[in-house]
1. Can you tell me the dipole magnitude for the chain around its Cα centre, using point charges on the Cβ only (Lys, Arg +1; Asp, Glu -1), in Debye to the nearest 20?
2. Between exposed trypsin sites (Lys or Arg not before Pro) in the chain, where DSSP calls loop and at most 12 other Cβ atoms lie within 10 Å, what's the longest gap?
3. Lys/Arg Cβ at +1, Asp/Glu Cβ at -1, dipole of the chain taken about the Cα centre: which of Val57, Asn24, Ala14 is farthest positive-ward?
4. What angle do you read, to the nearest 10 degrees and between 0 and 90, between the alpha-carbon axis of helix 3-23 and the longest principal axis of the chain?
5. Take the alpha-carbon positions of the chain, form their convex hull, and give its projected area averaged over all directions (one quarter of the hull surface) in nm².
Amino acid sequence: MNDIELILTMLGEATTAKLHQDRNSQGVELLRNDAKDGGAVAGRTGKDIEAQTKRKVITSEN
């Protein structure tokens, strides 16, 4: 992973955790919704970075 990929992963995880705390989500379905919403934030951010830099964020680095 490159730095941006790692940061976007961390953003998605932190956003998901914050949503869970704020929503006090209980149960698999509500937690799944938190995860989808947190991932969507990271996804939109990644697309914005790609639009600004004109380069793909996701690489084949491992």
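1. In debye, rounded to 20, the chain gives about 220.
2. Longest run free of exposed loop sites: 1-53.
3. Result: Val57, furthest along the dipole toward the positive end.
4. 20
5. Across all orientations, the chain yields a mean hull projection of 4.5 nm².
No lab work stands behind these numbers, since they all come straight from the coordinates. Only a predicted model underlies this, so the values are computations on that prediction, with no experimental measurement involved. Reconstructed Cβ throughout: ideal geometry from the backbone, glycine too, with neighbour counts over all protein chains shown.
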